[in-house]
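One structure below.
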Amino acid sequence: MTATLEHNPLQSALIGRQPIFEIDQKVFGYELLYRDGNNNSAQVLDGNEATARVLVNTFCELGFDQIVGTAKAFINMTDSLFLEHLYEILPPGQVVLEVLETVKLTPELIQSLKKVHGQGYLIALDDFVFREEYRELVELAHFIKFDVMALNPVELERQVNELKTYPLRFLAEKVESLDVFLRCQQLGFELFQGYYFCKPEIIKGARLSNNRMSLVLLLAKLQQENITIPELEELIKTDLALSVKLLRYVNSAFVGLPKSVATISQAICMVGTDRMRQWASVMVLANFDAKPLELMRVALIRAKMCEEVCQAESIPSGPGFTVGLFSVLDAFFDCEMSQLMEKLPLSEPIQVALLERKGELGMILENVMAYEQNRWDELTERDKTLPLLRNIYWQSIGWTDQVLKSFR
């Protein structure tokens, strides 16, 4: 098999990732999704070899540490990628090779998968629906992925019960709500993939608890546009934990100040009021221990991406950071976004962006979320937006990982 690439694949490849959670909502791995950025469809340029080359080159360029850290990397594989052993350049143990539902189940493929298994790679069966002729395939697998949107509850339960005798881990795909997450838990699923963690659990008529209300009020005060340095200092100093975390962050190597600071006032003077206000807001949200860490990671990645897009388009970047960071406030507080906006003195463009996804900031946020969720075809002004988002996406992930490390 040969392939001729007429351009540098690293300049056009889109690599997205979607988290896979354990029951405790800690990240177990990421599914890595590939698309040729010069093509409007999910088709690759020159078949399987081009896909393999681009994936491998991109991983070498970015590094597995930046892409998935210590988590597992789930990667879609075709028949040819298995049969020609093109997966062997990827690290066994950390990689889960997904057998797509479109593969042709031949004796050659089964033999190849036996070799894959023996080499220490983990195998997942993607979008799986069990039939008797797949039993030999099931015996080689470590994970079974079920599309919970494609199977009705009765059929899903039947499929799971059919396979419970095998030493498998069941993974539920397209889990978009808490109800589905809980139902899959009851069926015996251990792993979950979807954006349910970014959505609020809203109970009609319920009010914010006193603890959460105090945090909202603290966020509100931090967002006051005319806040002075003494006011900001006093506000931060009233929360001892916030003060300590903020000073630790400001003095970290990641921020890179020329000299260490010992007081909040020094920090504000050296970093600036706007940046200190942003990071105090981040610290407030970071106190939500009941929420998965991935929610904080999503908020920071969106904030950084929105900020970078604003800078590229010569728009004030501070509001962009706020819009990205606050885009998951409803999930943090399990509250309607409109209810939160009543309590937060945000500017009208920020409120319109968060509530209606309109205006310059709303369009930027919508594009950032589309890229994050691998909905690349939905980007507005795609020819202009796609290259920019592609360039800042992984930078923002790396930046976010450094920020989260500095919190510890």
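When the Cα atoms of the chain are aligned to their principal axes, the ranges along those axes come out at 74, 51, 39 Å in descending order.
Cross-link reach is defined here as a Cα-Cα straight distance under 25 Å, omitting same-chain residues fewer than 8 places apart; for Lys104 the lysines meeting it are Lys114, Lys115, Lys145, Lys164, Lys174. Taking Cβ atoms as reference points and 12 Å as the exclusive limit, the residues near Lys304 contribute a net charge of -2, counting Lys and Arg as +1 and Asp and Glu as -1. Relative to the dominant Cα principal axis of the chain, helix 153-163 is inclined by about 60°. Here the contact order of the chain, divided by its residue count and restricted to Cα pairs under 8 Å and six or more residues apart, works out to 13 percent.
Peptides 360-373, 20-33, 252-265, 85-98 ordered by packing proxy, namely the average of other Cβ atoms within 10 Å per residue, highest first: 360-373, 20-33, 85-98, 252-265. Between Gln373 and Glu234, the modelled labels are 4.3 nm apart [label points 7 Å from Cα along Cα→Cβ]. Taking a sphere under 10 Å around the Cβ of Asp147 and counting the other residues whose Cβ falls inside, with K and R at +1 and D and E at -1, yields a net charge of -2. Expressed to the nearest 5 percent, the antiparallel share of DSSP beta bridges inside region 9-198 is 35 percent. Annotation: extensible slack from Thr70 through Glu348 equals 96.0 nm (criterion: 0.36 nm per residue apart, minus Cα-Cα distance). Summing charges over neighbours of Asn251, with a neighbour being any other residue whose Cβ is under 13 Å away from its Cβ, gives +3 when K and R count +1 and D and E count -1.
May I ask you to derive the FRET efficiency for Asn251 and Leu293 from their Cβ-Cβ distance with R0 = 22 Å, giving the value to the nearest 0.05? The formula returns an efficiency of 0.45 here. Just how many % of Cα pairs in region 138-287 lie over 22 Å apart, if you round to the nearest whole percent? Of the Cα pairs, 59 percent sit more than 22 Å apart. Relative to one another, the C-alpha centroids of region 301-354 and region 117-167 are positioned 41 Å apart. Length available on full extension from Glu201 to Val129: 0.36 nm per residue minus the Cα-Cα distance, which gives 22.9 nm. Structural descriptor for region 9-198: relative contact order 17 percent, calculated from alpha carbon pairs under 8 angstrom and at least 6 residues apart. Entry note, the chain: the mean residue ellipticity at 222 nm calculated from DSSP H runs of n ≥ 4, each adding -39500 (n - 2.57), is -15500 deg cm²/dmol after division by the residues and rounding to the nearest 500.
Compared with the dominant Cα axis of the chain, that is its longest principal axis, helix 359-372 is turned about 30°. Run the count for region 210-407, please: Lys pairs, Cα-Cα under 15 angstrom, 8 or more apart or on different chains. The number of close lysine pairs in region 210-407 is 4. With a point put 7 Å past each Cα toward its Cβ, work out how far Met270 is from Lys104 in nm, to one decimal. According to this spin-label approximation, the distance is 6.6 nm.
Under 1.5 on a/c is rounded, so check that first for region 9-198, then, if it is not, pick prolate when a/b is larger than b/c and oblate when it is not; a ≥ b ≥ c are the square roots of the alpha carbon gyration tensor eigenvalues. Cα axes put region 9-198 in the oblate bin. Taking a ≥ b ≥ c as the square roots of the eigenvalues of the alpha-carbon gyration tensor, region 210-407 is classed prolate because a/c is 1.5 or more and a/b outweighs b/c. Once both labels are positioned 7 Å from their Cα atoms along Cα-to-Cβ, the gap between Cys60 and Thr165 label points is 4.6 nm.
Where does helix 107-118 land angle-wise versus the long Cα axis of the chain, in degrees 0 to 90, nearest 10? Relative to the chain, helix 107-118 is tipped by roughly 50 degrees.
Rule-based calculations on the coordinates, nothing more; no lab input. Not measured: the values here are computed from a predicted model. Cβ coordinates were reconstructed from backbone atoms using ideal geometry, including for glycine residues, and neighbour counts include every protein chain displayed.
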